[in-house]
Amino acid sequence: VCQLRLAYVCEWEKRPKSTHCPSIPLVCSWSCRNLVAFTTDLKSDDDDKDVSHMIHIIDTEHPWDVFSINSGHTEVISCLEWDQSGSRLLSADGDGQIKCWSMSEHLVNSWESVLSSSLDGDPIVALSWLHNGVKLALHVEMSGSTNFGEKFSRVKFSPSLTLFGGKPMEGWLAVTVSGLVTVSLLKPGGALLTASESLCRLRGRVALADIAFTGGGNIVVAATDGSSSSPVQFYKVVVSVVSEKCRIDTELLPSLFLRCTTDPLRREKYLSVTHLKFLTRENSEQVLLCASNQSGSIVECWSLRKEGLPVNNIFQHRSPVVGEKQPTILKWRILTTTNDLERVSAVALPKLPISISNTDLKVASDTKFCPGLGLALAFHDGSIQILHRLSLHTMGVFYGSSSSTSVQRPGDESAIKRQRTGGPALHFKALQFSWTSLALAGVDNHGKLHMLRVSPSMGQVLEMNTTLRHLLFLLEYCMVTGYDWWDVLLHVQPTMVHNLVEKLHEEYMRQNQALQQVLATRIVAVKASLCKLSTATAARACDFHAKLLLMAISSTLKSLLRPHVLNTPDKSPGDRLTEICAKNTDTDIDKVMINLKTEEFVLDGPPLQSLQQLIQWVGDFVLYLLANLPNQGSMVRPGFGFMRDGASLGMLREMLVMIRIWGLLKPGCLPTFTATSDNQDSMQLLFRLLTKLWLCSRDDGPPQDPDESLIDECCLLPSQLLVPSLDWLPVNDGVIVRLQGKHPLRLQFGKASSLPGGGTRPGLIDHPMDNLRCVHMGVCPTEDSKACTRCGCVTMLRSPNKTNAMKQWEQRWIKNCLCGGKGRSVVISEKIEPGPAFRLGHTLSSAGGSGSAAGAGT
């Protein structure tokens, strides 16, 4: 089992000419949405002095679809920083310019600069968004608990700055080479409030700096002038707003000297500090330092501790006062240090907020759970080492892409120390962990992007149940936080998919009702992503995506209902509809309608007519499920997951009742079916069969197999109604389903054809269906379109609708897809080839299945 394994490499067709000095690294940053941003500097072919400072943003699922921004920075970009939502990016350069980039129309491959601040001529060395006060702790000790609140606890943490009512104020903080700290605050109206202050009275050069936050809302800045013989200084920064002006107060904290400067053997060996990092963003009490020379480096880990202050002997003999405590001071103590290493070129720290209490560390050690416990060091010989964040002992090693299979066990010190003569010239200039620490993105000195899998057990062989438990724990964490789970899927094998889906559902059902309601759509989206990884469960992925659409349509239609009188009881009309439909098991739709207050369903004609395509999808979907009931002998066919899903069948039943009532008010909103008989009441027929199927799978009783009479009636259904073709999702064009093999993929930026099995232009979709509006876009669509980066769902970018009801539906999907994924701009192909693997069904009409078109009420 490999500790680190290369998943894919994406390179430029024409390699960018980098103008970076050796002392200035490339910059890379990874967002919680699994967007990776990195920089390169390009020289013009005509003029070597004409340099473009580029920012490249990629979605890890479609790395070739890169969005490159000519940033407009006049000097080398020194910092990139994502916000907590993963939708905004800060960039800073060597001339003191800071720019805030935001998605244009919420597309991951379209960005624009919306705000900026500047300290002219003062290079930025550290940059961070202000903290929003949200902090979770992941407890490995409680990984076996049934309560998500015990596994992932909310830690009391104050925002850096609050508005009225305690709402966190947005903004960013930067440190400059001259020792200035500058803060820019985003006011609610969109204006920018900026202030600057010196870190201390005696300003000095700051070569390296880092920023961390405390639970009390303060900010801690660590700074060094780059010399190992100089102290590493720490400052407390407090930001406030007084009389509509930003105020910054700074205070000097205890400092430290590197241990290597006090060692007689190393005093003159490592003269410069090359890396300075707090171990985590929310922990200002642990810091990592790296000192280097031209050929090697040494890494030290320090911790801030409270120690008792010794009292002079004169005062020790006096009688103690009741309640008096010994005075204490804060002092930096070294935790551990490494031996002499190769020269370090980049450092990556884990983002997973794992609890490091003694109990949690012991359980993690016993169960071999390693995510969040290792930090990564990249070296100039092209290798990467994963070190334990506290002890700095080696957990894993990776030797460049040219020899990616040569990994060593943690105990093989001789292999780690040996000199690799003739090693690769390629080495990583920037390195970043994903948000669950299961993947590592690196940019080398040629501008190539490398994506590495990081084993959850660091190569230690585990039982299958333990491996599943580790992956399940991290999937639950992503589900609770809303972070993207793409990096977890890197480690899921096709044989694990079924067990993971079942275990995830079991854990979800053990949560309280309120939490289940919050996570209802996220768990379906996670299941759909898992099922795509195996051909055996691909049909279930269709079911889960259909369920997401079903849930969204149901909530939208119910939201249109209004109580007849204002002083209504606690239950809304939608809740009363659910309750009555659950109690009434009658198979006659008109008898169920009698028990409802039909005045609550009275709506104007235009809203109903504008929602007809959603109502049509519901009708077509019910018809498809019932017509396929006799064929569901295996789980391979789409629709199988609904046959035993009492909640979803009940939801469909409720919507048929609503549609029936609305059809009396506005017949034009009813779904249209092609029937073989002019007097066929299609809605009545579908409701009767659906109710019989629902009775077999109700939650309040043991599941039963459909009786023979129901199956016989469903067999006849294609001869009574024409069963439509329901194309749901296009062929999955991402990399995750192609990473099951052991060999890494070789890709090119801007070329989807470099993907195995892909021969189309980047962002090209052969799918004419708008999956969110449930309408066909035509053979040659002219509208701009977007596709979900997670599920591939395609929709038009701009609304063709004018009615408020349909706009209300479309507003829900401006920022995110049904599954929670972000959209990316795509080009619709003129050639229509819907993907058979993700096709929800096909026309099942028999020889007598075609006939005259008849409405639902005919």
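Starting from residues that are assigned to a helix (DSSP H, G or I) and out of contact with any Gly (no Cβ under 9 Å at 6 or more places or on another chain), keep the ones in the range 364-391 and report whichever is surrounded by the most Cβ atoms within 10 Å (Cβ to Cβ).
Among those that are assigned to a helix (DSSP H, G or I) and out of contact with any Gly (no Cβ under 9 Å at 6 or more places or on another chain), it is THR367.
State all residues of the range 598-617 that are acidic (Asp, Glu) and exposed (fewer than 14 other Cβ atoms within 10 Å of the Cβ); if no residue qualifies, say none.
If the condition is that a residue be acidic (Asp, Glu) and exposed (fewer than 14 other Cβ atoms within 10 Å of the Cβ), then GLU599, ASP604 are the ones that fit.
Just to be sure I understand, how many residues within the range 74-113 are within 18 Å of GLN432 (Cβ to Cβ), in contact (Cβ under 8 Å) with a residue 60 or more places away in the chain and in a strand (DSSP E or B)?
5
Restricting the search to the range 793-831, which residues are among the aliphatic types (A, V, I, L, M), open to solvent by 40 Å² or more (accessible area, probe 1.4 Å) and in contact with a Leu (Cβ under 7 Å, 6 or more places away or on another chain)?
Residue satisfying the conditions is VAL827 alone.
Would you call ASN313 open to solvent by less than 70 Å² (accessible area, probe 1.4 Å) and not aliphatic (A, V, I, L, M)?
Spelling it out, it is not the case that ASN313 is open to solvent by less than 70 Å² (accessible area, probe 1.4 Å) and not aliphatic (A, V, I, L, M).
Is there any pair with a first residue in the range 611-633 that is more than 23 Å from VAL775 (Cβ to Cβ) and assigned by the TED database to the domain that holds MET643 and a second that is open to solvent by less than 20 Å² (accessible area, probe 1.4 Å) and not aliphatic (A, V, I, L, M) whose Cβ atoms are under 7 Å apart and which are 6 or more apart or on different chains, and what are they?
That search, which allows pairs on different chains as well, returns LEU626/CYS714; ASN628/GLY639; ASN628/GLY841; LEU629/CYS714; PRO630/CYS714; GLN632/GLY639.
Mind checking which strands (runs of 3 or more DSSP E) fall wholly inside the range 126-176 and carry at least 2 residues that are over 16 Å from ILE219 (Cα atoms)?
Hits in the range 126-176: 136-138, 152-154.
Looking at the range 456-515 only, could you name the residues that are assigned to a helix (DSSP H, G or I) and either in contact with a His (Cβ under 7 Å, 6 or more places away or on another chain) or on the phi > 0 side of the Ramachandran plot (or both)?
Passing the criteria: only LEU471.
Go over the candidates LYS325, LYS331, LYS306, LYS236 one by one and state the one that is modelled with pLDDT under 85 and either in a strand (DSSP E or B) or exposed (fewer than 11 other Cβ atoms within 10 Å of the Cβ) (or both).
Residue meeting the stated conditions: LYS325.
For the range 751-779, enumerate the residues that are open to solvent by 40 Å² or more (accessible area, probe 1.4 Å), modelled with pLDDT of 75 or more and closer than 29 Å to HIS56 by Cα.
LYS751
Taking the conditions exactly as written (buried (at least 20 other Cβ atoms within 10 Å of the Cβ) and in contact with a helix residue (DSSP H, G or I) (Cβ under 6 Å, 6 or more places away or on another chain)), does MET142 satisfy them or not?
yes
For CYS478, work out the one condition from (1) in contact with a Ser or Thr (Cβ under 9 Å, 6 or more places away or on another chain); (2) closer than 30 Å to LEU611 by Cα; (3) not aromatic (Phe, Trp, Tyr) it doesn't fulfil.
Unmet for CYS478, out of (1) in contact with a Ser or Thr (Cβ under 9 Å, 6 or more places away or on another chain); (2) closer than 30 Å to LEU611 by Cα; (3) not aromatic (Phe, Trp, Tyr): (2).
Out of all the residues in the range 81-110, which are more than 18 Å from the chain's Cα centre (by Cα) and open to solvent by less than 20 Å² (accessible area, probe 1.4 Å)?
Of everything in the range 81-110, those that are more than 18 Å from the chain's Cα centre (by Cα) and open to solvent by less than 20 Å² (accessible area, probe 1.4 Å) turn out to be LEU90, SER91, ALA92, ASP93, GLY96, ILE98, CYS100, TRP101.
Of a type in the set (Ser, Thr, Tyr), over 27 Å from ALA195 (Cβ atoms), open to solvent by less than 10 Å² (accessible area, probe 1.4 Å) and in contact with a strand residue (DSSP E or B) (Cβ under 6 Å, 6 or more places away or on another chain), is that true of SER31?
yes
If we keep just the residues of the range 543-578 that are modelled with pLDDT under 85 and β-branched (Val, Ile, Thr), which is nearest to THR521 (Cα to Cα)?
Here the answer is THR568.
Conditions (1) within 22 Å of the chain's Cα centre (by Cα); (2) modelled with pLDDT under 90; (3) hydroxyl-bearing (Ser, Thr, Tyr), marked per residue:
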{"residue": "VAL134", "(1), (2), (3)": "yes, no, no"}
{"residue": "ALA137", "(1), (2), (3)": "yes, no, no"}
{"residue": "ASN147", "(1), (2), (3)": "no, no, no"}
{"residue": "SER153", "(1), (2), (3)": "yes, no, yes"}
{"residue": "SER158", "(1), (2), (3)": "no, no, yes"}
{"residue": "GLY165", "(1), (2), (3)": "no, yes, no"}
{"residue": "GLU170", "(1), (2), (3)": "yes, no, no"}
{"residue": "LEU173", "(1), (2), (3)": "no, no, no"}
{"residue": "THR176", "(1), (2), (3)": "no, no, yes"}
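Kindly check whether there is at least one residue in the range 519-537 that is open to solvent by less than 20 Å² (accessible area, probe 1.4 Å) and closer than 25 Å to ASP366 by Cα.
Checked against the condition, which is being open to solvent by less than 20 Å² (accessible area, probe 1.4 Å) and closer than 25 Å to ASP366 by Cα, the range 519-537 yields no hits at all.
What number of residues within the range 330-360 are without any contact (Cβ under 8 Å) to a residue 60 or more places away in the chain and among the hydrophobic types (A, V, I, L, M, F, W, C)?
Matching residues across the range 330-360 total 3.
Go through LEU489, LEU504 for me and flag whichever is surrounded by fewer than 21 Cβ atoms within 10 Å (Cβ to Cβ), among the aliphatic types (A, V, I, L, M), touching a helix residue (DSSP H, G or I) at 6+ places or on another chain (Cβ under 7 Å) and touching a residue at least 24 places away in the same chain (Cβ under 8 Å).
LEU504
Out of ASP41, ASP65, report the one residue that is assigned to a strand (DSSP E or B), crowded, with 20+ Cβ neighbours inside 10 Å and without any contact (Cβ under 8 Å) to a residue 60 or more places away in the chain.
Exactly one residue qualifies, and that residue is ASP41.
Against the conditions (1) free of Cβ contacts under 8 Å to residues at least 60 places away in the same chain; (2) open to solvent by 50 Å² or more (accessible area, probe 1.4 Å); (3) not in a strand (DSSP E or B), where does ASP122 fall short? Just the number, please.
Of (1) free of Cβ contacts under 8 Å to residues at least 60 places away in the same chain; (2) open to solvent by 50 Å² or more (accessible area, probe 1.4 Å); (3) not in a strand (DSSP E or B), only one is false for ASP122: (2).
The values are calculated or read from the model by the stated rules, or taken from the named source; none is laboratory data. None of the values given here were measured: they were computed from a predicted structure. As a convention, Cβ positions derive from the backbone with ideal geometry for all residues, glycine included, and neighbour counts pool all protein chains shown. What goes into the accessible areas is simple: the full protein's heavy atoms, side chains included, and nothing from ligands, DNA or RNA. Shrake-Rupley method; radii C 1.70, N 1.55, O 1.52, S 1.80 Å.
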